[in-house]
Amino acid sequence: MAFAGRRDVPEPPDFGILKRLARDQLIYLLEQLPGKKDLFIEADLMSPLDRIANISILKHEVDKLYKVESRPALSTSDQFCFLVRPRIKTMRYIADIVNADKMSGRSRKYKIIFSPQKFYACEMVLEEEGVFGDVTCDEWSFYLLPLDEDIISMELPEFFRDYFLEGDHRWINPVARALQLLNSLYGPFGKAYGIGRCAKMSYELWRDLEEESEGDGQGRKPEIGNIFLMDRDTDYVTALCSQVVYEGLVDDTFRIKCGSVDFGPDVTSSDKSIKVLLNAQDKVFSQIRNEHFSSVFGFLSQKSRNLQAQYDRRRSMDIKQMKNFVSQELKGLKQEHRLLSLHIGACESIMKKKTKQDFQEMIKAEHSLLEGFDIRESTSFIEEHIDRQVSPIESLRLMCLLSITENGLIPKDYRSLKTQYLQSYGPEHLLTFHNLKRIGLLTEQSAGETLTAVESKVSKLVTDRAAGKITDAFNSLARKSNFRAISKKLGLIPRVDGEYDLKMPRDMAYVFSGAYVPLSCKIIEQVLERRGWLGLEEVVRLLNGNEFSVSGSASAGLGAGGPGAGGSDSTLPLLDSTVEDNPAWESQRIVLAVFLGGCTFSEIAALRFLGKERGCKFIFLTTAITNSARMMEAMIEAKA
């Protein structure tokens, strides 16, 4: 399909209102407990809270701030307020504080504010501990945190493990409510697409909520025209690959948290660490974030020379020009110089760490796995990686990538790699292997084939939504990746004559050095082009179904779904040059891509590239930013 030349990519909506709504609601909830109070905040709410409300805003209603710790803090306040996630462990922590006060004869008021909402299980624990009548409960509907002009995160990293491993559906409701909020502020969304069981359930619940509220967004001019929901387990391969775009490498190396990163002394060239906000406001970062790492050093070098030339202009200035330079340009140049130094330091630190880890050899092994060549050689590389005890996380990641690309390991290789891993990293990882097998990341071929028959019988018997956990469990156990067949159908491995030009990329494969087009991004591209699933029936079958395509978004039913629903037009309105100049179609050029279970910076970079190529804008909503290390850690760590 040929695409006409595109005008500039449309501007994204202003998501600042999401921060203001969350901040105002929190202040209102705190005011419901009048007078001075101590506020206890759960650790993983600290960073999101910092992004929407500074301490001075909270101080007018809060006397002291504490972090929820393993030991209750000593306090003389007569009122305690707890801002927490709905977790059983935290409920026991609060119950211990209340019961300790009761035993000592101390009288206080207690208020629990759950974010984003409370769960019945939490109330049950409070009741079991005998404190339910002593506390008041409220909900802070903090579903959405804008991290950048085109990235919104729900900051729910536990979503991945809870849903895909444990089969726990409790986070479906927050997702549906988040979609309802976005639809009311920036919709109504014109068309909804999706794939995956979780995506389908989230859509259905969102549709039900819209029907109950009678569509708050109806009748207003939409700012977002289309929405695409995708489960993380639709594409594990992309999340398991090493990231090579700059933002992805920064995340893999330093761990970006809530849109900011702590650069240590090895980056700052001092004895201090600096917290840096990474977004479009950073003039240096915004130009290199989506670039392949091989292009970044050259850009930073040229940027450094340009800055120096701007500084050197001072020598030929008269007094008036110098005054204007100091008042108008100098501050900006100094800020840009500081950021430039930090990103150069980050690049040098990344280079040192990756050189130690034999990064090029690892990338070569990954590419072989993706392409299906030299599998035995790649397996030997993984065995050597395990024997040298390079990293338990990296070893697991490579084993999972081998398993998924090969549609499971042959029993001999599975037993051998498992034995070597347990010998190198400890027998406590037996549970890790159980988890990885259960979720479908590291499987034996024969076991998968045996369970497929069982799963097919169970899925016929269990269709009720309330019994979905059972089918989810079997789906995870029986799931086959079918990666090779899907890769061939969608052309995920580019055939390039000569060397792939990473400085002037021609497709989304550049985010993996030209070796692989992210499956998740390719699906989104294909469905948007076709305005539905027509022509992708075989791909859908290989992906285990649960696809949908619905016109009129939440105002329509899922009855219109299924392969090919929504028409067989060759292009979306947002890609159609005949309507490009019609203001009514402007929103159709903005697509909300929803990733349930996490989204990587590589996927974000790939879809940003696609948007520029096609003259549309992708907005990203994710349950959390993820990468291969976070996925592996979710399988290793005990559930909180």
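Of 15, 381, which has the most accessible area with a 1.4 Å probe, and how do the rest follow in descending order? Please list the in-between numbers first.
On the way: 15 10, 381 35 Å².
I get 381, 15, largest accessible area first.
Calculated FRET efficiency, residue 25 and residue 434, Cβ-Cβ r, R0 41 Å, to nearest 0.05? Could you put the intermediate results ahead of the total?
Numbers: r = 41 Å, r/R0 = 1.00.
Efficiency, from the Cβ-Cβ distance: 0.50.
Calculated FRET efficiency, residue 294 and residue 57, Cβ-Cβ r, R0 45 Å, to nearest 0.05?
So, using R0 = 45 Å, E works out to roughly 0.55.
Could you report the accessible area of residue 213 in Å², rounded to 10, computed with a 1.4 Å probe on the protein chains as they sit in the structure?
40 Å²
Could you tell me the distance between the Cα centroids of the stretch 80-112 and the stretch 210-289, to the nearest Å?
So the two Cα centres are separated by 35 Å.
Points 7 angstrom from Cα along the Cβ direction at residue 335 and residue 489: gap in nanometres?
Computed distance between label sites residue 335 and residue 489 equals 4.9 nm.
Ordering 612, 364, 111 by how much accessible area each has at a 1.4 Å probe, largest first, what is the list?
Numbers: 612 145, 364 115, 111 10 Å².
The ordering from most to least exposed comes out as 612, 364, 111.
On the full set of protein chains, 1.4 Å probe, figure out the accessible area of residue 169 and give it in Å² to the nearest 10.
Its accessible surface works out to 40 Å², give or take rounding.
Taking 7 Å along the Cα-to-C-beta vector as the label spot, tell me the residue 355-residue 501 distance in nanometres, rounded to one decimal.
Modelled inter-label distance: 3.0 nm.
Going down the list 191/221; 59/89; 275/356; 64/111, which pairs span over 22 Å between their C-alpha atoms?
In this structure, 59/89; 275/356 lie more than 22 Å apart at Cα.
How many percent of the accessible area of the stretch 219-274 is carbon or sulfur, using a 1.4 Å probe?
Percent of accessible area from carbon and sulfur atoms in the stretch 219-274: 46.
Once R0 is set to 56 Å, what does the formula 1/(1 + (r/R0)^6) return for the Cβ-Cβ distance between residue 377 and residue 32, expressed as a FRET efficiency to the nearest 0.05?
0.30
Provide 50, 235 ordered by accessible surface of protein heavy atoms (probe 1.4 Å), highest first.
Correct descending sequence by accessible area is 50, 235.
Quick one: how many Å² of residue 184 are accessible to a 1.4 Å probe, rounded to 10?
Surface open to solvent at residue 184 totals about 30 Å².
The values are calculated or read from the model by the stated rules, or taken from the named source; none is laboratory data. Since we're looking at a predicted model, the values are computed, not measured. Cβ: placed from backbone, ideal geometry, glycine included. Neighbour counts: every protein chain shown. Surface accessibility is based on the protein's heavy atoms, side chains included, excluding ligands, DNA and RNA. Shrake-Rupley method; radii C 1.70, N 1.55, O 1.52, S 1.80 Å.
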